[in-house]
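The next block holds one structure in the form of structure tokens; read it before the comments.
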Amino acid sequence: MMTAPTLTPDMPNQPQQKTVSTLSPWREAWRVFRGNKAAMLGLVSLILIMLVMLVGPAWYAVDPFGIVAPPFHEPFVDSRYWLGSDYLGRDIVAGMLIGGRATLLVGVSSAAITVVIGISVGALAGYFGGWIDVLLSRLTELFQVLPALLFAMVLVTLFQPSLGVVICAIGMVSWTGTARLTRAEFIRLRGLEYVNAARTMGAGHWRLIWREILPNAMAPLIVSATLVVGVAILFEAGLSFLGLSDPNVMSWGMMIGSNRRHILECWWAVTLPGAAIFLTVLSVSLVGDGLNDALNPKMHLR
């Protein structure tokens, strides 16, 4: 008498258990970000740029405003000035290193001001609604329709051009996008069950805004803050190109603006800082695009 064969765990007909990822949300986001080759390339490039700007001036201690070489000295000819000199004889390498520090400082600081203003306005408008929402939304639209670069030029012209004034001017004209995004996130989240539960337990308005809703709205705001850094760098370059920056602080935009009249005789003094701005903004944009995918739960399912 024949008996029916018994199924063993190794047989193909045995149902297999599905494994569920136990990674935390931030580790899962890092896993998705790490799998984005373009984002990783941008992150590595941005880290290298920041390291060079941080360590470079200590290794190459040359005054960027000092006349150290003959004017229009071509690059890769003399090992002492291996990137050449500009129309005044200033060292291009020193200008690139010191100017990069100022450019990155303006980008990060302006983005911080933008995030603070944008999140504050958007959070109040989205949470309270009513006449507060109407008032703050009209204020946001007023700043949004103003030409941003022209408004920044007016602010810098009214006050003494300095690095602090430039940072504040860029931050004051760049916050509208962050405010609109924050308002939309607060409108979406303020009626969810966990917010209502916290309100029922006696949480006040400020606790609900800063401790309950804002942490859950941070994912798109982080992406927005990253992209604002690139926009601020371009703003600073534009203002410096027009001569509306601190004349005592070297920056990449200032290098381009001061040498633009001699671009045919001294193309490297304009091309090299322009390429540095392009590479930095591209790296920031790639990182922002990668964060957008990493912090988006729908991308995790893909």
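This table checks each residue for (1) buried (at least 22 other Cβ atoms within 10 Å of the Cβ); (2) touching a Cys at 6+ places or on another chain (Cβ under 9 Å); (3) assigned to a helix (DSSP H, G or I).
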| residue | (1), (2), (3) |
| --- | --- |
| Val77 | no, no, no |
| Gly99 | yes, no, yes |
| Ser120 | no, no, yes |
| Leu136 | no, no, yes |
| Thr140 | no, no, yes |
| Leu150 | no, no, yes |
| Ala169 | yes, no, yes |
| Thr178 | yes, no, yes |
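Scanning the range 260-270 for residues that are in a helix (DSSP H, G or I) and either surrounded by 14 or more Cβ atoms within 10 Å (Cβ to Cβ) or at pLDDT 95 or above (or both) returns His262, Trp268, Ala269, Val270.
The number of residues in the range 123-134 being exposed (fewer than 14 other Cβ atoms within 10 Å of the Cβ), closer than 25 Å to Pro220 by Cβ and out of contact with any helix residue (DSSP H, G or I) (no Cβ under 7 Å at 6 or more places or on another chain) comes to 2.
Each row is one residue, and each column tells you yes or no for (1) touching a Ser or Thr at 6+ places or on another chain (Cβ under 7 Å); (2) not polar (S, T, N, Q).
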| position | (1), (2) |
| --- | --- |
| Met218 | no, yes |
| Ile222 | no, yes |
| Thr226 | no, no |
| Gly238 | no, yes |
| Leu242 | no, yes |
| Trp252 | yes, yes |
| Gly274 | no, yes |
| Val284 | yes, yes |
| Asn292 | no, no |
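Just one of the listed residues (Leu227, Leu221, Leu242) is modelled with pLDDT under 90, surrounded by fewer than 16 Cβ atoms within 10 Å (Cβ to Cβ) and aliphatic (A, V, I, L, M), namely Leu242. Pro247 meets each of the listed conditions (1) within 17 Å of Gly84 (Cα to Cα); (2) in contact (Cβ under 8 Å) with a residue 40 or more places away in the chain; (3) not in a helix (DSSP H, G or I) apart from (1).
Just one of the listed residues (Leu83, Leu46) is over 19 Å from Val249 (Cβ atoms), of a type outside the set (D, E, K, R), touching a helix residue (DSSP H, G or I) at 6+ places or on another chain (Cβ under 8 Å) and outside any loop (DSSP other than H, G, I, E, B), namely Leu46. Could you tell me whether any residue of the range 174-182 is more than 15 Å from Leu234 (Cβ to Cβ) and either of a type in the set (Lys, Arg) or free of Cβ contacts under 8 Å to residues at least 24 places away in the same chain (or both)? Yes, because at least one residue in the range 174-182 is more than 15 Å from Leu234 (Cβ to Cβ) and either of a type in the set (Lys, Arg) or free of Cβ contacts under 8 Å to residues at least 24 places away in the same chain (or both). Put simply, of Lys37, Lys18 the only residue that is exposed (fewer than 11 other Cβ atoms within 10 Å of the Cβ), at pLDDT 90 or above and on the phi < 0 side of the Ramachandran plot is Lys37. Do you know which residues across the range 183-210 are surrounded by fewer than 12 Cβ atoms within 10 Å (Cβ to Cβ) and free of Cβ contacts under 8 Å to residues at least 12 places away in the same chain? Result: Gly191, Glu193, Ala197, Thr200, Met201, Gly202, Gly204, Trp206.
The values are calculated or read from the model by the stated rules, or taken from the named source; none is laboratory data. Here the structure is a predicted model, which means the values were calculated and not measured. Every residue, glycine among them, receives a Cβ derived from its backbone with ideal geometry; neighbour counts consider all protein chains shown.
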